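Only one structure is covered here, and it is reproduced in the block below.
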Amino acid sequence: MISMYQGELIRLRRLEIEDADVIFEQWNNFELRQYFPNPFPKTYKEVQEFISSRNEGFAGRYIFTFGIEEKETGRIVGFIDVSNINWISGTGMIDNLAIFDKNNRRKGYGKDAILVLLDFTFNILGLHNIYLFVYKFNQHAINFYEKIGFQMVGFIREGAYINGQRDDIAIMDFTKNDFIQHYGVLAKGDIPRLV
């Protein structure tokens, strides 16, 4: 297993091809996927290709996708990534955050994963601003991100088409200064560094 970054509840680690079993089991669940821009079913082979392409992106340093692993059990409970990295401006986008099984939601895994990812992006990659898009109707997610410290910075009007209806897409962001103000610097010498 490749070295991981860790929070209180979870570790972030590279996805492995063996993770396709767990991801495939949950991936075609519309309750989970309805919040993604492409809620289409995937085959097992497509999930394996997804993992391979994300690892290629990781190696190429243009997308960093991590499996979210529960520290207590070592099982993968979701994934998270940062993409659309602009190395000159120091920006990146949280493109996906998924906690697969609804029984694992509201346990703090998502918040812990975001904090570890923000620490990674600000203190390891040296980025300055991380943004994300969330459907305006998904008030639960908006409240979740605001509690972490993300700020609403605008909307893409009628940019989402979900279940036959148009809705706005909220744009939220978090700067390195916000992160230091809210959480200090999380990275410590004893946290394993990604190789």
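The values are calculated or read from the model by the stated rules, or taken from the named source; none is laboratory data. This is a predicted model, so every value here is computed, not measured. For neighbour counting, all protein chains shown are included, and Cβ atoms are generated from backbone atoms with ideal geometry for every residue, glycine included.
Looking at the stretch 77-87, can you tell me whether even one residue there is out of contact with any strand residue (DSSP E or B) (no Cβ under 6 Å at 6 or more places or on another chain) and either in a loop (DSSP other than H, G, I, E, B) or charged (D, E, K, R) (or both)? Among the residues of the stretch 77-87, at least one is out of contact with any strand residue (DSSP E or B) (no Cβ under 6 Å at 6 or more places or on another chain) and either in a loop (DSSP other than H, G, I, E, B) or charged (D, E, K, R) (or both), which makes the answer yes. Whenever a residue of the stretch 56-69 is more than 18 Å from Trp87 (Cα to Cα), its partners that are of a type in the set (Gly, Ala, Ser), lying with C-beta atoms within less than 7 angstrom and at least six residues away or across chains, give the pairs Ile68/Gly78; Ile68/Ala113.
A count restricted to the stretch 78-103 and to residues that are among the hydrophobic types (A, V, I, L, M, F, W, C) and in contact with a Lys or Arg (Cβ under 9 Å, 6 or more places away or on another chain) stands at 5. For the stretch 97-148, the candidate set comprises residues that are under 16 Å from Asn84 (Cβ atoms) and β-branched (Val, Ile, Thr); within that set, the residue that is modelled with the highest pLDDT is Ile130.
Identify the residue in the stretch 159-189 that is of a type in the set (Ser, Thr, Tyr) and assigned to a strand (DSSP E or B) and, among all such residues, is modelled with the lowest pLDDT. It comes out as Tyr161. State the number of residues belonging to the stretch 89-111 that are more than 22 Å from Asn29 (Cβ to Cβ), surrounded by fewer than 21 Cβ atoms within 10 Å (Cβ to Cβ) and within 12 Å of the chain's Cα centre (by Cα). Residues that pass the stated criteria total 1.
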